[in-house]
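The values are calculated or read from the model by the stated rules, or taken from the named source; none is laboratory data. Because the structure is a prediction, the values reported are computed rather than measured. As a convention, Cβ positions derive from the backbone with ideal geometry for all residues, glycine included, and neighbour counts pool all protein chains shown. The area values use the complete protein model at the heavy-atom level, side chains included, leaving out ligands, DNA and RNA. Shrake-Rupley method; radii C 1.70, N 1.55, O 1.52, S 1.80 Å.
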Amino acid sequence: AGLARAGTAFDPLRGDRVSRAGMVFNWVPDRILYVTDPVESAIAVLPLVADGPIFRMQNPRRLKSTVLDRPVNIAPAVPEIASPAFSSNTSLAGDSDFYVANRGRGTIARIKQDGTAVAVRRVTLPGIGALGPDRLNGIAVSADADRIWVTVDTSLPGYPDGAVIELPAFGAPHARRN
């Protein structure tokens with residue numbers, strides 16, 4: 001039983017150094033759960049259909065891209081904030097892209113729900129430079145979609161307990177000015 005068969009999404013027992021995965025939920029127009037899979041360097045795409053009082057998964061697939069390298073967390077580029085009754089920092093606004101924290105390269109990728117890469121940014125810190133592999137751990141986006149926060153889970157010079165880094169959002173289409 002359960003929502004998905006074993007192996008559909010990330011399995012922390014498959015032997016990788018990464019033992020976590022992130023997920024976001026798209027609720028409109030279709031219910032889709034996106035789950036990072038750091039072992040396969042992919043995003044599991046799990047479409048959900050209502051079957052009475054429960055959800056069932058239908059036609060799961062994977063997003064693979066050269067911009068994914070051990071993705072450990074995921075966040076909506078535009079979070080759903082319309083209804084505090086069901087929205088959270090893991091709910092995508094309608095047709096929102098999502099950001100993916102890549103532990104393998106130390107990058108953040110902005111990806112459309114169809115898997116198209118929009119943009120990739122390297123995380124840099126003053127006095128340290130670009131973060132490399134095995135530094136990024138988590139990602140979150142502000143309610144207004146203007147800022148991204150990433151957590152760094154290993155010691156850096158000057159940051160012995162890790163850090164939370166605030167970055168500007170990126171990759172959004174520019175508004176047309178008249």
Conditions first: (1) open to solvent by 20 Å² or more (accessible area, probe 1.4 Å); (2) touching a residue at least 40 places away in the same chain (Cβ under 8 Å). VAL150 passes all but one, so which condition is the exception?
(1)
Could you check, for the stretch 95-107, whether at least one of its residues is in a strand (DSSP E or B) and modelled with pLDDT under 85?
no
Restricting to the stretch 132-147, give me the number of residues that are basic (Lys, Arg) and touching a residue at least 60 places away in the same chain (Cβ under 8 Å).
0
Kindly indicate the residue of the stretch 26-83 that is part of a loop (DSSP other than H, G, I, E, B) and of a type in the set (Val, Ile, Thr) and also surrounded by the most Cβ atoms within 10 Å (Cβ to Cβ) among those meeting that condition.
VAL67
Would you point out the residue of the stretch 112-147, among those that are of a type in the set (A, V, I, L, M, F, W, C), within 20 Å of VAL28 (Cα to Cα) and in a loop (DSSP other than H, G, I, E, B), that is least open to solvent (accessible area, probe 1.4 Å)?
ALA145
Apart from one, (1) under 21 Å from THR151 (Cβ atoms); (2) modelled with pLDDT under 90 all hold for PRO76; the odd one out is (2)
Identify, please: which residue in the stretch 120-143 is farther than 18 Å from ASP161 by Cα and of a type in the set (Val, Ile, Thr) and is, among those, nearest to the chain's Cα centre (by Cα)?
VAL141
Qualifying positions in the stretch 90-105 - touching a Ser or Thr at 6+ places or on another chain (Cβ under 9 Å) and either surrounded by fewer than 18 Cβ atoms within 10 Å (Cβ to Cβ) or more than 21 Å from ASP37 (Cβ to Cβ) (or both)
ALA93, GLY104
Going by what's in this entry, would ALA109 be described as buried (at least 16 other Cβ atoms within 10 Å of the Cβ), hydrophobic (A, V, I, L, M, F, W, C) and free of Cβ contacts under 8 Å to residues at least 60 places away in the same chain?
yes
